[in-house]
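Report on the structure given below.
The values are calculated or read from the model by the stated rules, or taken from the named source; none is laboratory data. Because the structure is predicted, anything quoted here is derived from the model rather than measured. Cβ coordinates were reconstructed from backbone atoms using ideal geometry, including for glycine residues, and neighbour counts include every protein chain displayed.
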Amino acid sequence: MSELEQVFNGIVQDYSERLYWHVRRMTGTHEDADDLLQDIFLKIWTALPTFRGEAQIYTWVWRIATNETLNWLRREKVRAALRFSSVDAEMERRIQADPFFNGTEAQRKLMTAVAKLPDKQRQVFVMRWWDELSYEEMAQITGTSVGALKASYHIAQEKLRLNLSDGAVSK
Amino acid sequence: MTGKPDISVPEGYFQELREKLEAIPARGAARPAFVKRVAPYLAYAASLAVLAVTGNFILRQTAAPAEEDTGWDYISSLAQSRDPAGLGEELGETYSLTGEDIYQYLVEGNLSLEQLETLRYEEDY
C-alpha cells in the first residue's frame with residue numbers, strides 16, 4: 001500500500017462517520033448521503049496529491065465536503081427545475097419518506113424547515129446545531145469570518161422560529 | 001439500527017461504508033481522467049454543432065424568399081461566403097462563441113448533469 005493510500009485510509013477512518021452525519025443533515029436522506037459521501041471521498045482521493053499541508057487536514061477534508069455538498073444542493077435545484085418542481089417540495093417529500101428517520105414529529109418538522117433555508121445558512125446551522133463545531137472551526141472551513149457566521153446562524157434561527165409553529169424543538 | 005436520536009443508519013453501515021471508501025484508491029480516479037481526456041473533443045464537437053445549427057437556421061430563414069423570385073441569388077452569395085462571422089454580419093447578426101455558450105449547449109444536449117458538473121468543477125481542486 002502506498003503512502004498516499006495510507007493517508008487516505010486514515011482520513012476514511014477518522015472522518016467518514018462524522019462527515020456522513022453532516023452530509024445526511026444537509027441532504028435529508030440516508031440514500032443521498034451515502035451517494036454523496038462516496039463522491040466526496042473520491043474527490044478527496046483525487047485531490048490528495050495536491051494537499052500541501054498549509055491547512056490542517058481536518059480543515060481541508062471538511063472544506064471539500066462542504067463545497068461538494070453545496071454543489072450537490074445546486075444540482076438538486078437544477079434537477080427540480082428540469083422537472084418543473086420545487087426543490088423544497090422535493091426535499092420535504094424525501095424527508096417524509098426516509099425510512100431511517102425515527103425521530104419525533106417536531107424533529108421531522110425541524111429537518112424539513114432546515115431544508116428550506118438558503119444553502120449557506122443551512123450549512124452554518126447544520127454545522128453549529130448538529131455537528132457542534134465551534135465558530136472558529138467553521139470559520140477555518142468556510143473561509144468566512146466568525147462575526148459573519150454568528151450573524152448567519154442567528155438569521156437562520158429566526159427563520160426557523162418563524163417557520164415552526166410550536167417553537168419547541170429538541171435535538 | 002444505529003444513529004442519532006432522530007435519524008439512523010442500517011446496522012453495520014459504517015463498517016461497510018469504510019470498506020467501500022477504502023476501495024476508492026484501487027478503483028482509481030478513472031472517470032475524472034476519462035472526462036478530462038474527452039473534454040476538449042466534447043467542446044470542439046459542441047462548437048461544430050452550434051455552427052451547424054446556426055447555419056441551418058440561417059438557411060431556413062432565407063428559404064422562403066428563395067422560392068419566390070430573386071432569393072436564389074442571395075442564398076448563392078451566402079453559400080460562397082467563407083467567413084462564418086462575415087455571414088452573420090451580412091444577416092445583421094453577430095456570433096461570438098464563448099465557453100458559457102458551449103456549456104449552455106451541452107446543458108441542452110444529452111449529457112447527464114453529473115458529466116456536466118464534472119466538466120465544470122474538475123479544476124476546482
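Being surrounded by 12 or more Cβ atoms within 10 Å (Cβ to Cβ), at pLDDT below 85 and under 18 Å from A:PRO49 (Cβ atoms) is a description that applies to B:PRO32. Of the set (1) within 11 Å of chain B (Cβ to nearest Cβ); (2) small (Gly, Ala, Ser); (3) exposed (fewer than 15 other Cβ atoms within 10 Å of the Cβ), all apply to A:ALA97 but (1).
You will find that of A:ALA81, A:ALA65, A:ALA89, the residue that is over 23 Å from A:VAL124 (Cα atoms), in a helix (DSSP H, G or I) and among the hydrophobic types (A, V, I, L, M, F, W, C) is A:ALA81 and no other.
Can you name the residue in region A:28-39 that is touching a residue at least 60 places away in the same chain (Cβ under 8 Å) and in contact with a helix residue (DSSP H, G or I) (Cβ under 6 Å, 6 or more places away or on another chain) and, of all such residues, is nearest to A:GLU92 (Cα to Cα)? Among those that are touching a residue at least 60 places away in the same chain (Cβ under 8 Å) and in contact with a helix residue (DSSP H, G or I) (Cβ under 6 Å, 6 or more places away or on another chain), it is A:GLY28. The set of residues in region A:33-46 being over 11 Å from the mean Cα position of the chain (by Cα) and within 10 Å of chain B (Cβ to nearest Cβ) consists of A:ASP34, A:GLN38, A:ASP39, A:ILE40, A:PHE41, A:LEU42, A:LYS43, A:ILE44, A:TRP45, A:THR46.
Checked against the criterion of being of a type outside the set (A, V, I, L, M) and at pLDDT 90 or above, the candidates A:ARG122, A:ARG93, A:ARG108 yield just one match: A:ARG122.
From the list A:LYS109, A:LYS120, which one is closer than 16 Å to A:LEU164 by Cα and either touching a Ser or Thr at 6+ places or on another chain (Cβ under 9 Å) or in contact (Cβ under 8 Å) with a residue 60 or more places away in the chain (or both)?
Only one candidate qualifies: A:LYS109.
Is it the case that some residue within region B:43-51 is at pLDDT below 80, within 13 Å of chain A (Cβ to nearest Cβ) and in contact with a Gly (Cβ under 8 Å, 6 or more places away or on another chain)? No; the residues of region B:43-51 include none that is at pLDDT below 80, within 13 Å of chain A (Cβ to nearest Cβ) and in contact with a Gly (Cβ under 8 Å, 6 or more places away or on another chain).
Quick one: in region A:8-17, of everything that is surrounded by 15 or more Cβ atoms within 10 Å (Cβ to Cβ) and more than 7 Å from chain B (Cβ to nearest Cβ), which residue is nearest to B:ARG27 (Cα to Cα)? This residue is A:ILE11. The set of residues in region A:1-32 being under 30 Å from A:LYS116 (Cβ atoms) and more than 11 Å from the chain's Cα centre (by Cα) consists of A:TYR15, A:SER16, A:GLU17, A:THR29, A:HIS30, A:GLU31, A:ASP32.
Within region A:47-80, the only residue that satisfies the criterion of being within 10 Å of chain B (Cβ to nearest Cβ), closer than 21 Å to A:ALA115 by Cα and aromatic (Phe, Trp, Tyr) is A:TRP72.
Within region A:20-32, being more than 10 Å from chain B (Cβ to nearest Cβ) and under 16 Å from A:ILE141 (Cβ atoms) holds for A:HIS22, A:VAL23, A:MET26.
Selection of region B:1-29 for residues being under 39 Å from the mean Cα position of the chain (by Cα), modelled with pLDDT under 90 and more than 7 Å from chain A (Cβ to nearest Cβ) yields B:ALA26, B:ARG27, B:GLY28.
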